[in-house]
1. Under 6 Å between Cβ atoms, which residue pairs at least 6 apart in sequence (or on different chains) link something in segment B:446-472 that is without any contact (Cβ under 8 Å) to a residue 12 or more places away in the chain with a partner that is of a type in the set (Val, Ile, Thr) and assigned to a loop (DSSP other than H, G, I, E, B)?
2. Looking at (1) polar (S, T, N, Q); (2) out of contact with any strand residue (DSSP E or B) (no Cβ under 9 Å at 6 or more places or on another chain); (3) closer than 28 Å to A:Met93 by Cβ, find the lone condition where A:Ser385 falls short.
3. Step by step: first the residues of segment B:396-415, then only those that are within 14 Å of the chain's Cα centre (by Cα) and surrounded by fewer than 24 Cβ atoms within 10 Å (Cβ to Cβ), then the one that is nearest to B:Ala347 (Cα to Cα). Which residue is that?
4. Within segment A:416-449, which residues are touching a helix residue (DSSP H, G or I) at 6+ places or on another chain (Cβ under 8 Å) and part of a helix (DSSP H, G or I)?
5. Out of all the residues in segment B:380-400, is one or more over 25 Å from A:Phe218 (Cα atoms) and either among the basic types (Lys, Arg) or without any contact (Cβ under 8 Å) to a residue 40 or more places away in the chain (or both)?
6. For segment B:1-41, name all the residues that are touching a Pro at 6+ places or on another chain (Cβ under 9 Å) and in a helix (DSSP H, G or I).
7. Which members of segment B:407-423 meet the condition of being hydrophobic (A, V, I, L, M, F, W, C) and either more than 7 Å from chain A (Cβ to nearest Cβ) or outside any helix (DSSP H, G or I) (or both)?
Amino acid sequence: MLLPLTLSGMGISSLADDSPLVKSILDTNAAVGDRCLVVIYLNGGNDGLNTVIPLDQYSKYYNLRSNIAIPENQVLKLSGNAETGFHPVMTGMKALYDEGKLGIIHSVSYPNPNQSHVRSTDIWMTGVDANKYSETGWAARYLEGRFPNYPANYPSPAMPDPLAIQIGYVDAVALKGRVQPVSISFEDPSKFHQMMGTLGSVESSGLPCCDAGDLVSFIKQQQILSIGYSAQIKKAADAGQNLAAYPTPVGVNDLSEQLKIVARLIHGGLQSKIYFVEMGGFDTHAAQVGTSTTDGPHALLLKKLSEGISAFQNDLKLQGIEDKVVGMTFSDFGRRANSNLSKGTDHGVAAPMFVFGTGIKRQLVGTNPDLTNDMEPLVPNSSKSQDIKMQIDFRRIYSDILNDWFGNSKSATDAMLFGNYRTTSLFSDTIETVSSGSWPDRAVWSSNRMPGPKDYVKINTGHKVTLGQNITIKNIQVESGAELKFLGKISVTRTG
Amino acid sequence: MPYLDTYTVPLTAHTAAHLLRRATMGPTRQEIVDFTGLTPAQAVARLSANVSFTASPPPPIDYDETQPTAGQQFLNLPYSTQRRVAFNIFLRYWWVGLMCEQNGNPSILEKLTAFWQNHFIVGQGTIGDYRISYKFLTLLRSKGLGSFRNLMIEITKDPGMLLFQNGNVNQKVSPNENYARELQELFVVGEKNFAGQKNYTEDDVKEAARVLTGWQVFSDVNTFSSGFTAARHDTANKTFSSYYNNTVIQGRFDASAGDSELAELIDMLLRHSESSKHICRKLYRWYVNPNVTQEIENNVISPLASFFASPANNFAIQPVLEKLLSSEIFYQESNVGAIIKSPTEFAIGMVRFFGQEIPDKTTDYVAFRKMMEFVHWNMAGLQLDLLNQPLVFGSIAYYQTGYSKNWINGNALGIRGVQIDKFVHPYIEYKPGKLIGIDFLAWIKSLQPNFSDVANTPSITCELVFEELSKNLFAFDLTAPQKNFLIDTIMMKSLPRSTFTREMTNLRNDPNNINNKNAVMWRGGLVMRYMMRMAEYHIF
């Protein structure tokens, strides 16, 4: 059946009503056009294994890093998820998980991982293969596609606000567009307006040649846009209100202060689509724990992160705009699975990402890293170094956000991300197959985990799945040309 | 096209200003005059010779007049945890002061030191100990012009670097790769070549870390030092990849193993053909143009790197810098204005260009501190915190796509504007009766010949005043429409230009009348504030 449904002028009538996209739209209140994304960058490479702890393999975890391991009895247990726990300071994020508003994407990275901060961050921000380069950021490519001819035709009546906002001083590469950043950056919305308000009109005749001319026109464009947008930003800041309590800021540019501004602007009606905030200090080569492994610098970072996200989400709830906002975290890379002798961790590969908001439909993508089989190298070498292998390419998350959260077309998303990335079903009730194989094999499934009682299941055309165990799921759909092969007498319980 | 050939045309004001803007933190108006007419070779030789004037300045003192140690050197006192934060900051003031005060003898020293400070990061926020920070800065200032090989050896053993990059915990039983990685990725070889291919392997990082095991930092309240502990050293052989011709560094176990293996490691890194290019490319981006094309790579970076690594030069920095600063490519018109001013060039350039007095840092240290508070915190507010950079890569404007464009966004422009306002409309007192900023009244009065002889000497015009106020302010001459706009719309607020001459006459007739003073002062401030907020002011 075709569902005639048009949102933001984008016809999506060709999609069936059981498609993940249509379902997610039907189930939510906020029009797709009003949705926004908050990106939290954890600068330095967060130690994933001390953030999300694999309780199902505690002794292996402990042996990898006995000098920094979190004691088993202090790991925060998650509701309905015995296998995984959080660092003890992350009480706010644990509560969000338990309420269904926070998801964990396990072991995120990309093929041929790079362990240079600069390069790896660049790969995450530009969204390219490890051996490719791009001058533009992934988020900028999306926004420039959605708002054509930026900055020439903007601000416009249809889009009077900046396409994206960055709280801070230095523009993130993720928001670098073809000619200009697609974001406006500031630290404080009212101060920003004050500073910009005094700039006056800018004389713009006669550019010098070559690089100098390019730089002058760049600066002029920044002046014009910033002046143009500063009043809009102030208007939103004045109209918006923070209704939740935020933790007391520590130092300048504290994460929770940045998120507080973002919540106020969204509440005030700012129509910017992407908000970028940043928190530094995650490059923990030495002394990441204190006298006890549950305190010290890394614990403090996670505490700030958890408190910030939790206060922000609570604020959105009190403001009544929870359904408009989805957030995600990312970092340069994960850290080495084994700790070093200086109670720190060196640069590694895969690490968990968090996504949060009421818009997510899935709280777990991927599984805990298997501390035997997901290790690289499989057998520790002379320096005893082992990294955690990738399960989920980060661009699959970007792709899901663009397709399913922002309602971008799949073909446009593929062009923006320079490739076709399979869904992780992050925004869908339905787990679908991505290859043939045996039912319990995580690699068969879009979410990289075996479906459970809360999941609809779809076996895609061309895939053959063999089932040798009893299962409980909501429902299952086997596409034409797909096969579900029972190995013996199997019971399939359907609850939905 | 000639690239590294020596440029021989005598310097004009335009090219002299270009050289001084790039080779120093920015010229005074007088320095531009002094350098005009020199050949580039003479000018660069003078900038080098002038290093001797500031090579060994007296160490910093306690600039806080309320403290018992006010005005005294503090580095030789027992370490003070209580004053740690203040002394770290005073150390920055001390260095910023050296950048600001050239006393008519501008030199290449501080700009090059700032280059190294961005190349090797030892952040005070991580280190804490101001004595270690001073030692690091002293190393950069005293060895930065010499042999890069020796500098690398010293840097590797520097207590600050050992602490910042965790070299001090790098030991046989648990190697810490942090320094070994940056040594190759950032400091010597570069992560990849110009074509984007990797220059080494992950195993090379691990092997280099093993070479460097055993170095430690020892400190107490009276002394600190770095040293090698043989028992912590990995004595096995270290084998590198084909990128380094499969070099094997022989494992050693005696007390000199650390030094011997380190020297071999640095020599091996320097033998990598990309190392000299990496350093020369970074120097080119710092001094000439961040935009390195294939043409520049082939014709400037490669030959400069060959010269740098040649047996005759043997990795000496100063000759490479001199060659670059006197080359055809440096003076090529398309390289003028090709960089956006960093916070250093913006904030220090401002006090230098307008001839702001820098109080003597020993005899007038309170006034000095107040001046440095202004300059230093202006830079810090624009995200450049000298000696306290947060990340090992230095400022992103020197490595990330867009390069110097990264200094600018709406927020940064707003902050620069506010800082300009403070300087153009002075109100911050740095000593009794003296304000930080431009004294337009004094400046414009000084332009008037025979100020008191109103009857026989005509009053100066707004065009003349404008020419003086805008001379060498920009990397390029303003166009005629720009000048007319600035004079008529901004300076004269659409009044006839003759109004200014009348206002000038009024001032000369009654120089103490507040309205007469304000009228002239106001016009100077109006046009200067506007010019300094123009995009053109922010490139150099």
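The values are calculated or read from the model by the stated rules, or taken from the named source; none is laboratory data. Just so it is clear, the structure is predicted and the values come from calculations on it, not from any experiment. In this analysis, Cβ positions are derived from the backbone assuming ideal geometry, glycine residues included, and neighbour counts consider all displayed protein chains.
1. Taking only residues 6 or more apart or on different chains, the pairs are B:Pro449/B:Thr457; B:Asn450/B:Thr457.
2. A:Ser385 satisfies every listed condition except (3).
3. Per the criteria, the residue is B:Ala397.
4. A:Met416
5. no
6. Listed by number, the residues that qualify are B:Thr15, B:Ala16, B:Ala17, B:Leu19, B:Leu20, B:Arg21, B:Ala23, B:Glu31, B:Asp34, B:Phe35, B:Pro40.
7. Scanning segment B:407-423 gives B:Trp407, B:Ile408, B:Ile420, B:Phe423.
One line per residue, one yes/no per condition, for (1) touching a helix residue (DSSP H, G or I) at 6+ places or on another chain (Cβ under 8 Å); (2) surrounded by fewer than 24 Cβ atoms within 10 Å (Cβ to Cβ):
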residue	(1), (2)
B:Thr293	no, yes
B:Ser310	no, yes
B:Pro319	yes, yes
B:Ile339	yes, no
